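Please read the structure below before turning to the comments.
Coordinate-derived values only; no laboratory data. Because the structure is predicted, anything quoted here is derived from the model rather than measured. Note that we place each Cβ from the backbone using ideal geometry, even for glycine, and neighbour counts take in every protein chain shown.
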Amino acid sequence: MWSTQLRFSPGGSQIVSVSSDGTLRLWDAATGQSSGEPISGHDDSVSSVAFDPNSSRIVSGSSDKTIRLWDASTGHSLGEPLGGHEYSVRAVAFSPDGLKIVSGSSDKTIRLWDAVTGESLGEPLSGHEYSVNAIMFSPDGSRVVSGSSDKTVRLWDAVTGEPFGEPINGHEDWIKAVAFSPDGSQIVSGSSDSTIRLWDAITGQSIGEPLRGHSDWVNSVAFSPDSSQIVSGSSDNTIRLWNTKNGQPLTAPLIGHENWVNAVAFSPDGLRIASGSSDNTIRLWENATGASLGEPLSGHEHWVNSIAFSPDGSIIVSGSEDKTVRLWSAVTGQPLGEPLRGHESSVWAVAFSPDGSRIVSGSSDKTVRLWEVGAGDAENTIQDDGESTLSDHSEDLPGTQLTINIPGFKQCSLLHDGWVQSSGKRLFWVPPDNRHGLQYSRLLLTMPTASSFRATKLDFTRFQCGLSWTKVRKETRV
C-alpha cells in the first residue's frame, strides 16, 4: 500500500489525499485537521484525485473502473459514477475552465466527460496500445497530452477528441510522467528508459536529444514556474536539474537520498525544490546551486511517494505508505504538528482546494476525506485544540461512544444513550439521528457513506450549561 498523489488546492489552504484503501480525505493545511469522515463510494483503490478550478467539486478515478464527482462542501456524490472504462482509471484531471474532465485508463483509452452533467463527450480516444499512465490538459484547455506504457506520448484535441498527428515516439520504455510547461509551449516526459524528453507542444516534434544522466527509471518530472527548467527524480536515488532551452544539466546530480526518488516539485517562486523518497524522507534543495537545505525531513515510517508545495510556498505536504499525510514548513523543514491520521490504508493522493480552504485525500480504504484548513501562521506547530476524534472509542469510560473537545470542559464524552457528559455530569443530549458523524471544533463536515447519512455540526463558541444558563438571554418583542 502506498500514497501516489498529494494535491494542494490552488489557494494553498487545503490538501486532498488519495489512498490505495479506496478513500479520499480532505485536510486543513494549517492545522492538520480532517474535514469529516472519509468520502466513500468507490469499490476499489482511488488512484487519482483533483479539485475543479473554483474548489466546488472533486473528481476521483479508481481501480473500480469508474470516475466519481463529489461536492467539495458536503462530500456528497454528484450523480452516478461515470462508467465506460473497461479497466482501472489511472489518471483524472479537470480542464482549466472546469467544464470538462479527462481520464486515462489501463484499457488503453482516454475519455472526455462533461463536468456538469457527467455525460461522456464522444467516443473513447483510442490510439495507445497499452495502459495510459499520465494525462494533462494544456494551460489553455485546448489540448490533452497522454503518456503510455506503449512508450509513446500523444496529443489530442480537447474539443473534438481527434489526435494531433502521429504518436510521439522516442522513448524506449514505459512513460511514467508527462507535463505541459506553464507557458504551454513544451511537453516533458519521463520514462522507465532512464531519460527525459522535451517535445514541441504544437507540432509534437522532439526538441533536441534525450536528456541523459539518470541510470534508472525517471519517476517524476516537473517544470519550473517560468518554464525555463525541469527537475527530475529517479530510482537511481538522485534529482537532476535541466535547462529547457538546450537540454543541458544545470548542476551536478542532487545527491542525498538513500533510496528511490519518487516525487519532485518546484516551489511556486521557483527558488526551491522538494523531493520525496523511498528512504522515508523529504528533502529541500536550493534551485540555483543544487545545495541541500538543512537536514532531511524525517517522520514517515515508510516510503514517501508524493509531495507538493502549497500555492503560497510556505508548506509542503507528503503522503506515504505508512497511511499518513504530513505537513512541513517549507522554510524551516520542521513538521507542522502530528501526522494526519484517519485512513485505514495507504494514501494515494492529496490536493488543496483552489480557494485554499480545504484538503481532500483519497485512500485504498475506498474513501475520500475532507479536512478544514484553519486560519493562522503556517509556520506554527499544529495545535490539538481542533483535533477530530469522531472515530475514537474511550476504553476508560464504560458506554462511551466517542470523545469530544469542548472548550472549558475536560474529558467530554458522547455516551451510547446520547448524553454528552463531563466529569460525570450530563451537559446535553444528542438525538439518535445526529449522533453518527457528529461534528465539532474545526471539523467542517462528515462525508456520507450512504445517502441517508447526514452530519451535525456543534458550535460551542457560546456554550453555557448548569448555573451558567442565566448568561444566555434571548430578547423577544411583544
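Based on the Cβ-Cβ distance from Leu293 to Asp173, what FRET efficiency comes out when R0 is 35 Å, to the nearest 0.05? Could you put the intermediate results ahead of the total?
Details: r = 33 Å, r/R0 = 0.93.
So, using R0 = 35 Å, E works out to roughly 0.60.
How much length would be gained if the chain were fully extended between Asp140 and Glu166, taking 0.36 nm per residue of separation minus their Cα-Cα distance, in nm to one decimal? All intermediate terms of the calculation are to be shown ahead of the outcome.
On the way: separation 26, 0.36 × 26 = 9.36 nm, distance 2.17 nm.
Using 0.36 nm per residue and subtracting the Cα-Cα distance, I get 7.2 nm.
When the convex hull of the Cα atoms of the stretch 3-372 is projected onto a plane and the area is averaged over all directions, what value comes out in nm²?
Reported value for the Cα convex hull: 14.7 nm².
For Asp97, put the label point 7 Å out on the Cα→Cβ axis and report which residues of the stretch 113-136 keep their amide N under 18 Å from it.
The answer is 113-122, whose backbone nitrogens lie closer than 18 Å to the label point.
Between their Cα atoms, which of Lys100/Lys245; Lys108/Lys245; Lys176/Lys245; Lys151/Lys245 are more than 30 Å away from each other?
Beyond 30 Å: Lys100/Lys245; Lys108/Lys245.
Sort 278-284, 209-215, 326-332, 292-298 by packing, meaning the average of other beta carbons within 10 Å per residue, with the highest value first.
278-284, 326-332, 209-215, 292-298
Along the positive direction of the dipole of the stretch 3-372 (beta-carbon charges: Lys, Arg +1; Asp, Glu -1; about the Cα centre), which of Trp113, His85, Ile175 reaches farthest?
The residue sitting farthest along the positive end of the dipole is Ile175.
For Lys108, Lys323, which order do you get if you count the other beta carbons within 10 Å of each Cβ and list the fewest first?
Working: Lys108 21, Lys323 26.
Listing Lys108, Lys323 from fewest to most nearby Cβ atoms yields Lys108, Lys323.
Would you mind putting 64-70, 271-277 in packing order, based on average other-beta-carbon counts within 10 Å, highest first?
Going from most to least packed, we get 271-277, 64-70.
With the calculation restricted to Cα positions, what are the radius of gyration and Dmax of the stretch 176-319 in angstrom?
Computed over the Cα atoms of the stretch 176-319, radius of gyration and Dmax are 14.1, 45 Å.
For a Förster distance of 51 Å, can you work out the FRET efficiency between the beta-carbons of Asp71 and Tyr130, rounded to the nearest 0.05? Write out the running numbers ahead of the final one.
Values: r = 35 Å, r/R0 = 0.68.
The formula returns an efficiency of 0.90 here.
Taking 0.36 nm per residue of sequence separation and subtracting the Cα-Cα distance, how much length would be gained by fully extending the chain between Val331 and Lys245, in nm to one decimal?
28.0 nm
Hey, fewest Cβ within 10 Å first, where do Ile175, Ile187 land in order? Let's see the in-between values first.
Working: Ile175 29, Ile187 26.
Final ranking by Cβ density, sparse to dense: Ile187, Ile175.
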